[in-house]
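To start, the structure itself, in structure tokens.
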Amino acid sequence: MARIDSNSNLASNVDTYMQALVALDRFSGSILIAREGDVLVSKGYSLANREHGVPNTPQTKFRIGSVTKQFTAMAILMLQHQGKLQVQEPISKVLPDCPNAWQRVTIHHLLNHTSGIPEHTDRLDWKTTGRSPLAVQDLIDLFKDRPLDFQPGEDHRYSNSGYIVLGQIIEQVARMSYEAFVNEHMFEPLGMANTGYDWNNRVLEYRAMGYDLRHDRFVNADYLDMSIPHAAGALYSTVEDLLLWDQALYTERLVP
């Protein structure tokens, strides 16, 4: 893309670039570009629902996948600020029934993917277990008895499992569901009215459908019960709400 020399050129250049991606079936969604909080580009591309021809817009709600982990990490830091936990403490202090192998794992290890707790998603049968709702403890039961990949703090490996455990810690310490905590302490105070936990049975206005590209053809994405990703990936949002989130991180509205 050509070098951008002004805000007026930005929108034109971005649109040219995005339209090229759409033509190649390499992008479908919404984008927002802001500078110092001022929105410069906000636009949807391609279709949120291909069967009904519904276009994507800046108000389209998408599953945000692992971007959910930002909110989970913030929830932990908010609980620390409230004096309800300390991230350097072992997780056994707040989860006394955790396996012996996890005794040296701290909350901080979970936050930065250095716990050694093995990734469970590569062993999950998405066509069976992934279609059925699970409580967070039942989800943890899927991997709690597996040996650690390495001793806590001695290596780094991306771990959805670790963020599932963080979700359980949030629920245990805050004495409310993960969904209720992020709604009450983040989304509502920040005015993020179009962000939440993406339960499958919820009628959600402007929700984007999920698709896979297989053999150069779009097909409906496989069903996934959203209790499975939980605090590691179960939230939905819009580009406009994510700007509100981004701007809050430059302030002390959530934590000092």
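The values are calculated or read from the model by the stated rules, or taken from the named source; none is laboratory data. Because the structure is a prediction, the values reported are computed rather than measured. Virtual Cβ from ideal backbone geometry, glycine too; neighbours counted across all protein chains shown. Ligands, DNA and RNA are stripped out before the accessible areas are found, and what is left, the full protein with its side chains, is counted by its heavy atoms. Shrake-Rupley method; radii C 1.70, N 1.55, O 1.52, S 1.80 Å.
Structure values in brief
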item	result
Accessible area, probe 1.4 Å, largest first, for residues His120, His156, His52	His52, His156, His120
Anisotropy class of region 148-256 from Cα gyration tensor, a/c 1.5 cut	oblate
Asp149 versus Thr128: modelled label distance in nm, points set 7 Å from Cα along the beta carbon direction	2.4 nm
Net lengthening on full extension, Asn7/Ile33 (0.36 nm per residue, minus Cα-Cα)	8.3 nm
Rounded percent of accessible protein surface that carbon and sulfur make up, the chain, 1.4 Å probe	49 percent
Proximal charge balance of Gln172 [Cβ under 12 Å; K/R count +1, D/E count -1]	+1
Too-long pairs where the Cα-Cα distance tops 30 Å, listed order kept, from Lys69/Lys93; Lys43/Lys127; Lys93/Lys127; Lys84/Lys127; Lys61/Lys93; Lys43/Lys84	Lys43/Lys127; Lys93/Lys127; Lys84/Lys127; Lys61/Lys93; Lys43/Lys84
Positive minus negative residues near Asp216 (Lys, Arg vs Asp, Glu; Cβ under 13 Å)	+1
Accessible area per residue in Å² at 1.4 Å probe, computed on the chain	53 Å²
Computed [θ] at 222 nm, helices only, for the chain once each DSSP H run of length n ≥ 4 contributes -39500 (n - 2.57)	-8000 deg cm²/dmol
Loop-located chymotrypsin sites (Phe, Trp or Tyr not before Pro) in region 95-145 whose Cβ has at most 14 other Cβ within 10 Å (DSSP)	Trp126
Three-way shape label, the chain, alpha-carbon gyration tensor, a/c 1.5	prolate
Unit charges at the beta carbon, dipole of region 1-91: most positive-side option, Ser46, Met18, Thr68	Thr68
Built amide H within the under 5 Å cut-off of Ala34, gap 5+	Leu40
